[in-house]
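A.B. asks: The structure that follows is given in the form of structure tokens.
A short reminder: the numbers here are calculations on the coordinates, not readings from a lab. Computed from a predicted structure; not experimentally measured. Here the Cβ is made from the backbone with ideal geometry for all residues, glycine too, and neighbour counts use every protein chain on show.
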Amino acid sequence: MFFSVLSDMTGCFSFTACRNRYYRFSFSSLGLRSSTVDLGDGTIIHCWVPRTHLDDKPTLLLLHGLGANAMWQWGWCIDRFIPRFNVYVPDLLFFGDSLTTRPERSESFQARCVMAMMDAHGVRTMTVAGISYGGFVAYAMAAQFNERIDRVVIICAGVSLDEKDMDNEQFKVKSAEEAATILFPQSPAKFRQLLRFAFYKPPIGIPSCIAKDYIRVMCKEHLQERKEVVKAQHKGRRFADLPKITQPTLIIWGEEDQVFPVELAHRLKSHLGENAQLSLIKKTGHAVNLEKPKEMYKRMKSFLAVPPKDKP
């Protein structure tokens, strides 16, 4: 894990900016290109897209969570997906190079914007996978665009959350406001708190200079808008209103998730019935993609190896 090298970084060197540059080089070398689509309504979506889209390959859309941009959350496995899929990796609104001047903050709006971006690239059907908040957006896409989403992978995404669940003692965070202060840390202490929440075995010994560098690069821009996204995600949410998507769905969850307790995974599996399969990863927290990346990829690979059925 890259955190193991942090203690050696000092002075004015920006580990976070360096990591961004590394990912950009890596994505480019794997045959992806950086693309920005202006949706014409004050909304701009940035996405890593195939340099050449091959019609004989299925399309895989990878959506990140709230912790960082798309490269940081999917860079560890992108090379494994590219041989089999046309891979698209967008920045969600207010992350990376995506933004909007519109007031909407819901995952449904995010879903419409991502699909409009895929329209601009001429992509009709796709499998969508989302980590944490990206899973909320993936679920919304599957519900809104049933004919265009053939399979769904939901990774530690509490889409089955009910607003009243926040009063449950299983939840360490008691409000959207508190969640936002942890998700977008503004101090080294809050950064370390984020790691304790996200990981079953959190990295230790991270110098304050590294924490401040990460905060400066990743957590300062669009801070108010990001907080509004978190509030919109929780406010008035009722499990009874959750639509039942019909696509084959894989639910991946860390058994020790402190952000979205595993109870929500079982609730979602029960809600979706036979269309869904639940895969739990032991001794793993919320950041499955960073803590157990090989296990997560293994489960995704098995699910995605089965071609989707044609819709009637």
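A.B. asks: To the nearest Å, what is the center-to-center distance of segment 42-110 and segment 258-312, using C-alpha atoms only?
C.D. replies: If you average the Cα positions of each part, the centres end up 19 Å apart.
A.B. asks: Rg over Rh of segment 2-304, using C-alpha atoms and the Kirkwood radius, what does it come to?
C.D. replies: 0.93
A.B. asks: Quick check: pseudo-label points 7 Å beyond the Cα along Cα→Cβ at residue 309 and residue 255, how many nm apart are they?
C.D. replies: For residue 309 paired with residue 255, the spin-label model returns 3.2 nm.
A.B. asks: I would also like to ask the following. Could you tell me which of rounded, prolate or oblate describes segment 48-160, using a ≥ b ≥ c as the square roots of the eigenvalues of the alpha-carbon gyration tensor, with rounded for a/c under 1.5 and, failing that, prolate when a/b is larger than b/c and oblate otherwise?
C.D. replies: Rounded, since a/c falls under 1.5.
A.B. asks: Within segment 82-114, whose backbone N sits under 16 Å from a point 7 Å along Cα→Cβ of residue 55?
C.D. replies: Those under the cut-off are 86.
A.B. asks: Give the share of C-alpha pairs in each 10 angstrom bin for segment 15-108, from 0 to the last occupied bin, in whole percents, shortest bins first.
C.D. replies: 16, 48, 30, 7
A.B. asks: Using +1 at the C-beta of Lys and Arg and -1 at the C-beta of Asp and Glu, which of 180, 157, 129 has the Cα lying farthest in the positive direction of the dipole of segment 102-185?
C.D. replies: 129
A.B. asks: Expressed in nm to one decimal, what extension gain is obtained for the pair residue 270 and residue 241 from 0.36 nm per residue of sequence separation less their Cα-Cα distance?
C.D. replies: Length difference between fully extended and current span is 9.0 nm.
A.B. asks: For residue 172 and residue 209 in the same chain, what is the full-extension length gain: residue separation times 0.36 nm, less their Cα-Cα distance, in nm?
C.D. replies: Gain on extension, residue 172 to residue 209, equals 10.6 nm.
A.B. asks: With labels modelled as points extended 7 Å from the Cα through the Cβ direction, what inter-label distance (nm, one decimal) is found for residue 36 paired with residue 164?
C.D. replies: Placing both labels 7 Å along Cα→Cβ, they lie 4.6 nm apart.
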